[in-house]
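Step one of this worksheet: look at the structure below.
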Amino acid sequence: MSFLELQNLESTFVRENGNVTAVRGVDLEVVRCSRHALIGQTGAGKSILGLSILRLLPENARITGKVLFRSGDLLSCTEKELRDIRGKEIIMVFQNPLATLNPVLSIEKQLCEMPMHHEGLNLCEAKARAEQMLELCGLREPQKVMKSHPFEMSGGMLQRVAIAMGIICRPSLLIADEPFKGLDVSLQKQVASILYKVCRELEITLLIITHNLKVAKSLCDFVSVMHRGKIVETANSKNFFSSPCHPYSKSIVNAFKTFSGQLRDYQDHDRD
Ligand SMILES: Nc1ncnc2c1ncn2[C@@H]1O[C@H](COP(=O)(O)OP(=O)(O)OP(=O)(O)O)[C@@H](O)[C@H]1O
Ligand SMILES: [Mg+2]
């Protein structure tokens, strides 16, 4: 069995004025310790797919199919079993770290809570773990960071703290939904390289939802394309960018190549 396998996953919002099916019969396999990008146009269902894996949708949502993780189906386990998996085994990091972090609590309080709760560490052990993870995420002076509050930090620092918080219990799967959104290009690069390093060192499998094809290409082993609620193509990253199969994949890869080429042209033009 794969590390994570979605079988015929379907997520529908039940509404009085008509149901909306955001994910339509998705089959997807994610290989252990791989970095897997999920790309596709806005509204394609990427975030809803990520949230469906952990059953994090609002009450009016109906999720059917199977989410096979390790030896069980996450869609049929109890709320208690799922709570143990969330935060410890599978973590989701969102595009807006401020939404993940509590504005009135120090970083130390927020980081230490998870390993104390999930792994029974005492405060001293939890602090040591938190510092180690902040350092791994490229934050120098982790002790100083621990004493800070979210409002005292820049966007780039916040995203690193959010990643540190995500990995503090050493999950086996990290689902990151647009972790680069709102960051400038150099910070996007830094966050991408942190994700790469963290996933390698801690043997974490990464499912990353992104519009950033450059990151998908350089960071990920596999790419899946979502279009109108369905996965229309999954391929290894190299093959995907050299010879995409589905018409929609072809259009985005062509647009990506043309855009990158144009950027180079503009830069060449600037240098002339
Ligand atoms: N609570 C909800 N009730 C009804 N429909 C919803 C709800 N949340 C999302 N949708 C719909 O589900 C579809 C998929 O949304 P989703 O947020 O997964 O898109 P996405 O691929 O993540 O887009 P983006 O790249 O812009 O983040 C959209 O058509 C959206 O309008
Ligand atoms: Mg989204």
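Would you check if LYS109 is outside any loop (DSSP other than H, G, I, E, B), surrounded by fewer than 21 Cβ atoms within 10 Å (Cβ to Cβ), of a type outside the set (S, T, N, Q) and without any contact (Cβ under 8 Å) to a residue 24 or more places away in the chain?
yes
Taking segment 183-208, which residues are more than 14 Å from LEU136 (Cβ to Cβ), among the small types (Gly, Ala, Ser) and surrounded by fewer than 15 Cβ atoms within 10 Å (Cβ to Cβ)?
SER186
I'd like to know if segment 76-97 contains one or more residues that are closer than 22 Å to GLY182 by Cα and in a helix (DSSP H, G or I).
Yes: one or more hits.
Would you pick out the residues in segment 153-205 that are assigned to a strand (DSSP E or B) and within 16 Å of ligand 1 (Cβ to nearest atom)?
Of everything in segment 153-205, those that are assigned to a strand (DSSP E or B) and within 16 Å of ligand 1 (Cβ to nearest atom) turn out to be ILE175, ALA176, ASP177.
May I ask you to say which residue of MET133, MET165 is modelled with pLDDT under 95 and farther than 18 Å from LEU187 by Cα?
MET165
Cβ-Cβ distance below 6 Å, separation of 6 or more or different chains: which pairs start in segment 192-221 with a residue that is free of Cβ contacts under 8 Å to residues at least 40 places away in the same chain and end on one that is of a type outside the set (Ser, Thr, Tyr) and within 16 Å of ligand 1 (Cβ to nearest atom)?
Matching pairs, first to second residue: ALA192/VAL215; ASN212/PHE180.
Among the candidates LEU121, LEU139, which residue alone is at pLDDT below 95 and either out of contact with any Asp or Glu (no Cβ under 9 Å at 6 or more places or on another chain) or assigned to a loop (DSSP other than H, G, I, E, B) (or both)?
Exactly one of LEU121, LEU139 is at pLDDT below 95 and either out of contact with any Asp or Glu (no Cβ under 9 Å at 6 or more places or on another chain) or assigned to a loop (DSSP other than H, G, I, E, B) (or both), namely LEU139.
Can you confirm whether segment 39-50 contains a residue that is within 13 Å of ligand 1 (Cβ to nearest atom), assigned to a strand (DSSP E or B), within 15 Å of ALA176 (Cβ to Cβ) and not basic (Lys, Arg)?
Yes, because at least one residue in segment 39-50 is within 13 Å of ligand 1 (Cβ to nearest atom), assigned to a strand (DSSP E or B), within 15 Å of ALA176 (Cβ to Cβ) and not basic (Lys, Arg).
Quick one: in segment 137-155, which of the residues that are in contact (Cβ under 8 Å) with a residue 24 or more places away in the chain and surrounded by fewer than 19 Cβ atoms within 10 Å (Cβ to Cβ) is farthest from GLU178 (Cα to Cα)?
The selected residue is LYS147.
The values are calculated or read from the model by the stated rules, or taken from the named source; none is laboratory data. These figures come from a predicted structure and were not determined experimentally. Neighbour counts are summed over all protein chains in view; Cβ atoms, including those assigned to glycine, are modelled from backbone coordinates with ideal geometry.
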